[in-house]
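One structure is given here, and the rest of the page talks about it.
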Amino acid sequence: MVLVDSKIILHAPARYLIAGIGDTLAKWFETKCSIKKAVPNVLNQTAIAIAGKLYQTLLESGKEAVSSAGSHRSTRQFEDLVDAIILVSGSVSGYGGDDCRTAAAHAIYSGLTIFPEVH
């Protein structure tokens, strides 16, 4: 079970929300690039569809959600974004499994952590 108190997120530094948006945006690109099968199975197709909707939601609601977080006021866009980042993005990995993950993104990030600016 995952319990999320959006009030805590609302009062956290907005850069954490922005980082969550960036990580979730990557789901679309990871999923599209990772499918190795000529015809993805139904689980992979579902992961691709969810990742596409996530991408669209983040682009449509991201700016308003970050603005809301910056002023510590809850809006529908903010709540939708929190749900998208925490709940919905996890289902992409759940449905897509290993077929919808790219190891390169994580390896590149891990390598970049030698630079203090990355933190």
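The values are calculated or read from the model by the stated rules, or taken from the named source; none is laboratory data. As the structure is a computational prediction, the values presented were derived from the model and not from experiment. Cβ placement follows ideal geometry from the backbone for every residue including glycine, while neighbour counts extend to all protein chains displayed. When the accessible area is computed, the model is the full protein with side chains, heavy atoms only, and any ligands, DNA or RNA have been set aside. Shrake-Rupley method; radii C 1.70, N 1.55, O 1.52, S 1.80 Å.
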Over region 1-60, with neighbouring protein chains present, the accessible area per residue in Å² at probe 1.4 Å is 66 Å²
From the helices alone, meaning DSSP H stretches of at least four residues, give me the mean residue ellipticity at 222 nm for the chain, per-run term -39500 (n - 2.57), in deg cm²/dmol to the nearest 500. -22000 deg cm²/dmol
Using packing as a proxy for protection, rank 110-117, 63-70 so that the peptide with the highest average count of other Cβ atoms within 10 Å comes first. 63-70, 110-117
What does the charge dipole of the chain about its Cα centre add up to, to the nearest 20 debye, if the Cβ of each Lys and Arg holds +1 and the Cβ of each Asp and Glu holds -1? 160 debye
Among Leu43, Ile86, Leu58, the residue whose Cα sits farthest towards the positive end of the charge dipole of region 18-87, when +1 is placed on the Cβ of each Lys and Arg and -1 on the Cβ of each Asp and Glu, is Leu43
Compute the relative contact order of the chain as a whole-number percentage, counting only Cα pairs closer than 8 Å that sit 6 or more residues apart in sequence. 35 percent
Protein accessible area in the chain, 1.4 Å probe - carbon and sulfur %: 63 percent
Taking semi-axes √(5λ) of the Cα gyration tensor in Å as the quantity of interest, determine which of (i) 26, 19, 11; (ii) 31, 17, 15; (iii) 35, 22, 13 was computed from the displayed structure. (i)
Kindly write out, for region 59-74 in residue order, the coupling ³J(HN,Hα) from the Karplus curve 6.51 cos²θ - 1.76 cosθ + 1.60 (θ = phi - 60°), rounded to whole Hz, with x marking Gly and Pro. 5, 6, 10, x, 4, 5, 5, 5, 4, 4, 5, x, 9, 6, 10, 7
